[in-house]
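To keep things clear, I will list the structure first and then write my remarks on it.
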Amino acid sequence: MARRDVLRIARSDERNRGVAQRLCRSAAEHGLTLCYHNHDHEFTRLDDAEGRMAFEVLVDHLDERVEFEFDVGWVGTAGVDPIEVLHTYGDRTPLIHLKDMVFEAGESVRLGEGDLDVAGVVEAAVETDVTWLIYEHEQPDDADTSMRKAATQLNEHVEQIEEFVQ
């Protein structure tokens with residue numbers, strides 16, 4: 001979705017609220033929940049008096065049953081703290097895409113090799129009852145190595161958090 005589309009959607013309220021309500025109702029009839037997945041452009045600041053992000057306006061106009069699947073790599077690339085986003089919207093966030101990125105370049109890298117505060121994001125996910133952490137590495141040179149290293153690193157973080165919680 002292009003930036004102009006996000007801004008248009010964020011500013012158009014009742015029509016999109018109705019679409020979201022119909023989608024939520026249809027999903028619920030089939031035992032599903034509608035989740036919104038972000039990229040970086042949803043966190044663009046609007047030129048309105050409040051200086052809000054397009055995502056904040058979008059949330060104001062979404063059906064409250066819509067949940068979020070934050071891609072924390074894209075949140076960070078937009079210059080927004082993914083940990084703050086999880087704490088703000090955690091009650092509507094059952095899953096996240098755990099993607100590390102070099103934020104300035106917008107480049108997806110192996111977990112732990114970019115700018116993402118992996119430990120902080122995992123801790124925030126636990127604190128906000130996120131059910132699923134889905135590892136994502138776009139176009140890795142070696143997918144097997146990327147997955148193995150991510151699994152090892154995530155296990156270490158989860159073990160540290162479990163010790164802290166107990």
Problem - Test: GLU136 is under 21 Å from GLY79 (Cβ atoms), charged (D, E, K, R) and more than 14 Å from the chain's Cα centre (by Cα) - result: no
Exercise for the section: Give just the number: which of (1) part of a loop (DSSP other than H, G, I, E, B); (2) under 18 Å from ALA78 (Cα atoms) does GLY112 not satisfy? Expected result: (2)
Practice task
Could you tell me whether LEU86 is of a type outside the set (D, E, K, R), within 27 Å of GLY31 (Cβ to Cβ) and without any contact (Cβ under 8 Å) to a residue 40 or more places away in the chain?
Solution key: no
Exercise for the section: For segment 68-89, state whether one or more residues are in contact with a strand residue (DSSP E or B) (Cβ under 7 Å, 6 or more places away or on another chain), in a strand (DSSP E or B), within 21 Å of LEU34 (Cα to Cα) and among the charged types (D, E, K, R). Expected result: yes
Exercise for the section: Within segment 19-38, track down each residue that is in a helix (DSSP H, G or I) and small (Gly, Ala, Ser). Expected result: ALA20, SER26, ALA27, ALA28
Practice task
For segment 90-109, name all the residues that are in a strand (DSSP E or B) and either without any contact (Cβ under 8 Å) to a residue 24 or more places away in the chain or in contact with a Cys (Cβ under 8 Å, 6 or more places away or on another chain) (or both).
Solution key: LEU95, VAL102, GLU107
Exercise for the section: Test GLU159 against the criterion of being loosely packed, with under 14 Cβ neighbours inside 10 Å and either in contact (Cβ under 8 Å) with a residue 60 or more places away in the chain or part of a helix (DSSP H, G or I) (or both), and give yes or no. Expected result: yes
Handout entry: Selection count where residues are assigned to a strand (DSSP E or B) and loosely packed, with under 15 Cβ neighbours inside 10 Å, scope segment 115-139
Key = 2
Fill in the blank from the handout: Flagged pairs (Cβ under 7 angstrom, 6 or more apart or on separate chains; first in segment 12-40, at pLDDT below 90; second of a type in the set (Phe, Trp, Tyr)) are none
Exercise for the section: Evaluate segment 84-107: report whether one residue or more is among the hydroxyl-bearing types (Ser, Thr, Tyr) and surrounded by fewer than 18 Cβ atoms within 10 Å (Cβ to Cβ). Expected result: yes
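The values are calculated or read from the model by the stated rules, or taken from the named source; none is laboratory data. The structure displayed is predicted, hence computed values, not measured ones. Ideal geometry is used to build each Cβ from the backbone, glycine not excepted, and the neighbour counts take in all protein chains shown.
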